[in-house]
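Q: Take a look at this one; I'll ask things after.
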Amino acid sequence: MSRQRRPQLLIGEHKFFQSTVANCKATWRCTRQQRGCRARVMTIDKPAPFFGISRQGRPQIWIGEYRFNKRETVGSKVIWRCTRQPRCCRAIIITIDERIVRQDNNHNH
């Protein structure tokens, strides 16, 4: 945090201030722009998965704004499909023992 209580990013001896935030991405600019520094950094914060139960009592995973329903189980491997699946969304998650091993975020809705 800066003296003005704003987020700062320190990389080595360089300081960056947060210029924009959109969805999970933040863009940081060099604090020495007036001295000709053109460096920029982009950080991505992945939302944590949340395992829960739907209103109908079915298992679901929430990741950010997207929900996934449990579809297939093969041993400890579980395939989860986006709740927009009937509308041809191809996004899936594969878990083994409640750990995400594959995440295809190909949302087309």
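Q: What is the set of long-range amide H partners of R90 at a cut-off below 5 Å, with H atoms built 1.01 Å from backbone N?
A: N108
Q: Could you let me know the centre-to-centre spacing of segment 1-22 and segment 23-77, using Cα atoms, in angstrom?
A: Centre-to-centre (Cα) distance: 21 Å.
Q: Follow-up question, since we're still on this one. From the list (i) 40, 14, 13; (ii) 23, 19, 12; (iii) 34, 15, 13, can you say which value of semi-axes √(5λ) of the Cα gyration tensor in Å was derived from the structure given?
A: For semi-axes √(5λ) of the Cα gyration tensor in Å, the calculated option is (i).
Q: Could you pull out every residue, at least 5 positions away or on a different chain, whose amide H is within less than 5 Å of the one on R84? Hs are placed 1.01 Å off N in the peptide plane, and Pro or chain starts have none.
A: Here nothing satisfies the definition.
Q: In Å², and per residue, what accessible area does the chain have when probed at 1.4 Å with the other protein chains present?
A: Value returned for the chain: 80 Å² of accessible area per residue.
The values are calculated or read from the model by the stated rules, or taken from the named source; none is laboratory data. Computed from a prediction, not measured in an experiment: that's the story for all the values here. Each accessible area value is taken on the protein alone, full model and side chains, heavy atoms only, with ligands, DNA and RNA left out. Shrake-Rupley method; radii C 1.70, N 1.55, O 1.52, S 1.80 Å.
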